[in-house]
Amino acid sequence: MAHLMNDEPLPAGLYIVATPIGNLGDLSPRAGETLRRADLVLAEDKRVTAKLLAHAEARAPMRVYHDHSSGEDRKRIVAELADKAVALVSDAGTPLISDPGYKLVRAAREAGHAVHTVPGPCAAVAALTLAGLPTDRFLFMGFLPAKAKARAEAIAEVATVRASLVLYESGPRLAETLEVLADGLGPRDAAVAREISKLYEECVTGILPDLAGRYAEAPPKGEIVIVVGPPPAAAETSDEQLDQALDEALAAMTPSRAAAAVAEQLGLPRKRVYARALERGR
Ligand code: SAM
C-alpha cells in the first residue's frame, strides 16, 4: 500500500476506506487517492457518497452495498475483486463500525482476495479522545436495542465489566438512554460527545443521573456518542456516589434488596452498603 501515493494502477482487491464524520478536511490524502483510483465504490447511500466523491474529485462508478444485500450481490462483488480495485465506504466514518461490511470482508478473504484498510475517522474513538475517561480498556456497544427489555438486559450484561463503555445514540433518545444507563450502572462518570469535528462540537461531562436530567429538559440536536466510565474500584467509591445510588434504589426497593443491587452495581461489600442503606432508609 506504500505505493498508493504514486500513479501506478491500484492493485485489485477490497479497500475499506474511512471517511469524515462531519468535517471534509478529515478525509486523509490516502483515502482520497484510493477513491480516485478505485474501479468501483460501494456505498450505503449513493447520494451521501456522491458529495464525498465530488469533494475528492473521484469519478468511479458507485453501487449500493449493505449487509442486507443478497448473497448473490456479494458473490458478484467478490468475483469482481479478481481484477478490480473496489472501495467500500459508509455514509460517514469507518466502515464496519456500526456500519455494513464485515460479511463482505469475510467473503473476500475466503475467496483469496486482498483486503486493505485505509484507516481514518471513527466517532467512537474520537469520542474517547474527548471524554477524559479511562481509555486503557473500552467496550464498544454500538446502538442499544430500541425495546426497553432488551436494552435493560444489554446494560445489565456489562454492568460489572471494568472498562469504559462507548455507545452511539440519537438526540431524541439521548435522555431516556442516559436514564436507563443510570438505572443499570449507577452514578458513574460519563461524557456526551456531540457533533464531533463539526461547527458545534461539544463534550459535556458529569455523572449519569445529572446528564440524564440535563438532556431531559433540552433534547439536543445532531449526532451523539455516549462514553461511560468504568465502575469505580471499591476503594474509590465516594460516600456521595454510594448515597446517590442507594437513594435511587431505596425509592423502589426494600433496604435489603437495595443494598444487594447497589453492592453489585458498585462492586462494594454488601455489609457496608446494607449498613448505609439502613441509615438512609430511616
Ligand atoms: N461508522 C461510523 C463511525 O466510524 O463512527 C458510525 C456509523 S453509525 C451508523 C452513526 C452514529 O455514529 C451516529 O448515530 C452517532 O451516534 C455516531 N456519530 C457519527 N458521526 C458523529 C459525529 N460527528 N459526532 C458524534 N457522533 C457521531
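Odds and ends about this structure:
- Residue check for R151: surrounded by fewer than 13 Cβ atoms within 10 Å (Cβ to Cβ) and within 16 Å of the chain's Cα centre (by Cα): no
- Test result for G112, within 15 Å of the ligand (Cβ to nearest atom), assigned to a loop (DSSP other than H, G, I, E, B) and small (G, A, S): no
- All of (1) part of a loop (DSSP other than H, G, I, E, B); (2) open to solvent by less than 70 Å² (accessible area, probe 1.4 Å); (3) away from the ligand (no atom under 16 Å from the Cβ) hold for D83 with one exception: (2).
- In segment 180-194, residue farthest from the ligand (Cβ to nearest atom) [restricted to those that are of a type in the set (D, E, K, R) and open to solvent by 30 Å² or more (accessible area, probe 1.4 Å)]: D183
- Picking from residues in segment 8-39 that are within 13 Å of the ligand (Cβ to nearest atom), out of contact with any Asp or Glu (no Cβ under 6 Å at 6 or more places or on another chain) and part of a loop (DSSP other than H, G, I, E, B), the one that is most open to solvent (accessible area, probe 1.4 Å) is N23.
- Condition met for A126 (in a strand (DSSP E or B), among the aliphatic types (A, V, I, L, M), more than 25 Å from E240 (Cα to Cα) and within 10 Å of the ligand (Cβ to nearest atom)): no
- Flag if P209 is modelled with pLDDT of 95 or more, surrounded by 17 or more Cβ atoms within 10 Å (Cβ to Cβ), of a type outside the set (F, W, Y) and part of a loop (DSSP other than H, G, I, E, B): no
- Of the numbered criteria (1) open to solvent by less than 70 Å² (accessible area, probe 1.4 Å); (2) more than 24 Å from V166 (Cβ to Cβ); (3) over 21 Å from the mean Cα position of the chain (by Cα), the one A43 fails is (3).
- Some residue of segment 244-267 being touching a Ser or Thr at 6+ places or on another chain (Cβ under 7 Å) and at pLDDT 90 or above: no
- Checking E169 against (1) in contact with a strand residue (DSSP E or B) (Cβ under 6 Å, 6 or more places away or on another chain); (2) among the acidic types (D, E); (3) modelled with pLDDT under 95, the condition it does not meet: (3)
- One residue alone among T135, T177 is surrounded by fewer than 17 Cβ atoms within 10 Å (Cβ to Cβ), hydroxyl-bearing (S, T, Y) and touching a residue at least 24 places away in the same chain (Cβ under 8 Å), and that residue is T135.
- Scanning segment 86-106 for residues that are open to solvent by 10 Å² or more (accessible area, probe 1.4 Å) and more than 9 Å from the ligand (Cβ to nearest atom) yields P100, Y102, K103, V105, R106.
The values are calculated or read from the model by the stated rules, or taken from the named source; none is laboratory data. These numbers come from a predicted model, not from an experiment. When we count neighbours, we look across all protein chains shown, and the Cβ atoms used for this are built from the backbone with ideal geometry, even at glycine. Accessible surface is based on the protein model in full, side chains and every heavy atom, while ligands, DNA and RNA are left aside. Shrake-Rupley method; radii C 1.70, N 1.55, O 1.52, S 1.80 Å.
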